[in-house]
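Enquirer: Starting off with a structure, shown below.
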Amino acid sequence: MQQHLYEVQVAWSGNDGDGTRTYSGYRRDHVISAAGKPVLPGSSDPAFRGDAARYNPEELLVASLSGCHMLWYLHLCSEAGVVVTCYRDAASGIMVVNTDGSGAITAVTLRPRISLTVGSDPVKARALHADAHRMCFIAASVNFPVQIEPVFE
């Protein structure tokens, strides 16, 4: 068994002088960084006083599932002789918030739009999504359903 370590830094940048003295007195802004990579601006969802111009953790979770699935799918297609020339995903996630403020992501749907070369087997291309889902590290780590609804162009 192999083991990989992933390290990121998250630094809050929303202290406007009074820290968290009041709920409305601080910004939810933060930056996400990793050695040798560009900084990613983060915040909370605007519904929770966040900055809509920054990525929120829920979007990043949906993006992680989408990216992981895509990378496995492309890998499996390359091994199976299915030639993908374009892959775009319009992924979405649903979060439910409870009356006490807690909540959870309850479902994610991936909607990849895929272009194949002439001669690539569309039946095999569709079937490889199940294998990609099974292989995806992120999908194997979540406790909610991830639906895949591919469209081939």
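The values are calculated or read from the model by the stated rules, or taken from the named source; none is laboratory data. This is a predicted model, so every value here is computed, not measured. For neighbour counting, all protein chains shown are included, and Cβ atoms are generated from backbone atoms with ideal geometry for every residue, glycine included.
Enquirer: Output the number of the condition that Thr106 fails; it satisfies all remaining conditions of (1) crowded, with 18+ Cβ neighbours inside 10 Å; (2) more than 13 Å from the chain's Cα centre (by Cα).
Expert: The failed condition is (1).
Enquirer: Right, another one. Looking at the range 65-118, which of its residues are closer than 16 Å to Cys136 by Cβ, touching a helix residue (DSSP H, G or I) at 6+ places or on another chain (Cβ under 9 Å) and among the small types (Gly, Ala, Ser)?
Expert: Answer for the range 65-118, where residues must be closer than 16 Å to Cys136 by Cβ, touching a helix residue (DSSP H, G or I) at 6+ places or on another chain (Cβ under 9 Å) and among the small types (Gly, Ala, Ser): Ala91, Gly93.
Enquirer: Oh, and also: Across the range 1-15, what is the number of residues that are closer than 20 Å to Ala47 by Cα and either in a loop (DSSP other than H, G, I, E, B) or in contact with a helix residue (DSSP H, G or I) (Cβ under 7 Å, 6 or more places away or on another chain) (or both)? First the steps, then the outcome.
Expert: Residues of the range 1-15 that are closer than 20 Å to Ala47 by Cα, as a first pass: 12-15.
Next, from what is left, pick out any that are either in a loop (DSSP other than H, G, I, E, B) or in contact with a helix residue (DSSP H, G or I) (Cβ under 7 Å, 6 or more places away or on another chain) (or both): 13-15.
Selection size over the range 1-15: 3.
Okay, residues lined up against (1) in the same structural domain as Asn15 (by TED's automatic domain parsing); (2) over 25 Å from Arg28 (Cα atoms):
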{"site": "Ser43", "(1), (2)": "yes, no"}
{"site": "Val62", "(1), (2)": "no, no"}
{"site": "Gly67", "(1), (2)": "no, yes"}
{"site": "His75", "(1), (2)": "no, yes"}
{"site": "Gly81", "(1), (2)": "no, yes"}
{"site": "Ala91", "(1), (2)": "no, no"}
{"site": "Asp100", "(1), (2)": "no, no"}
{"site": "Lys124", "(1), (2)": "no, yes"}
{"site": "Ala127", "(1), (2)": "no, yes"}
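Enquirer: Considering only residues that are touching a Ser or Thr at 6+ places or on another chain (Cβ under 9 Å) and of a type in the set (S, T, N, Q), which ones fall in the range 94-119?
Expert: Result: Thr109, Ser115, Thr117.
Enquirer: Further question: Which residue pairs have Cβ atoms closer than 8 Å, lie 6 or more positions apart in sequence or on different chains, and pair a first residue in the range 96-110 that is farther than 11 Å from Glu58 by Cβ with a second residue that is of a type in the set (Val, Ile, Thr) and surrounded by 12 or more Cβ atoms within 10 Å (Cβ to Cβ)?
Expert: Val96/Thr106; Thr106/Ile94; Ala107/Ile94; Ala107/Val146; Thr109/Val146; Thr109/Ile148; Leu110/Val146; Leu110/Ile148
Enquirer: Just name the residue that is farthest from Ile148 (Cα to Cα) out of those in the range 109-125 that are over 21 Å from the mean Cα position of the chain (by Cα) and not β-branched (Val, Ile, Thr).
Expert: The first filter runs over the range 109-125 and keeps only residues over 21 Å from the mean Cα position of the chain (by Cα), leaving 115-125.
Next cut, not β-branched (Val, Ile, Thr) only: 115-116, 119-122, 124-125.
Values: Ser115: 16, Leu116: 18, Gly119: 23, Ser120: 20, Asp121: 19, Pro122: 16, Lys124: 15, Ala125: 13 Å.
Result: Gly119.
Enquirer: Consider His4 carefully, then state whether it is over 30 Å from Phe152 (Cα atoms), in contact (Cβ under 8 Å) with a residue 12 or more places away in the chain and not assigned by TED's automatic domain parsing to the domain that holds Arg113. Lay out the reasoning, then the answer.
Expert: Working: over 30 Å from Phe152 (Cα atoms): yes; in contact (Cβ under 8 Å) with a residue 12 or more places away in the chain: no; not assigned by TED's automatic domain parsing to the domain that holds Arg113: yes.
No; evaluated as a whole, the condition is false for this residue.
Enquirer: Looking at the range 50-93, which of the residues that are among the polar types (S, T, N, Q), in contact with a Ser or Thr (Cβ under 8 Å, 6 or more places away or on another chain) and surrounded by fewer than 16 Cβ atoms within 10 Å (Cβ to Cβ) is farthest from Val146 (Cα to Cα)? Spell out the reasoning first.
Expert: Kept after step one, since they are among the polar types (S, T, N, Q), are these residues of the range 50-93: 56, 64, 66, 78, 85, 92.
Subset that is in contact with a Ser or Thr (Cβ under 8 Å, 6 or more places away or on another chain): 56, 85, 92.
From the residues that got through so far, the ones that are surrounded by fewer than 16 Cβ atoms within 10 Å (Cβ to Cβ) too are 85, 92.
On the way: Thr85: 24, Ser92: 10 Å.
Filtering the range 50-93 for residues that are among the polar types (S, T, N, Q), in contact with a Ser or Thr (Cβ under 8 Å, 6 or more places away or on another chain) and surrounded by fewer than 16 Cβ atoms within 10 Å (Cβ to Cβ), the one farthest from Val146 (Cα to Cα) comes out as Thr85.
Enquirer: Separate question: Under 7 Å between Cβ atoms, at least 6 apart or on separate chains: pull out the pairs that start in the range 35-57 with a residue that is in contact (Cβ under 8 Å) with a residue 24 or more places away in the chain and end on any residue that is hydrophobic (A, V, I, L, M, F, W, C) and surrounded by 16 or more Cβ atoms within 10 Å (Cβ to Cβ).
Expert: Listed pairs, sorted by first residue: Gly42/Ile32.
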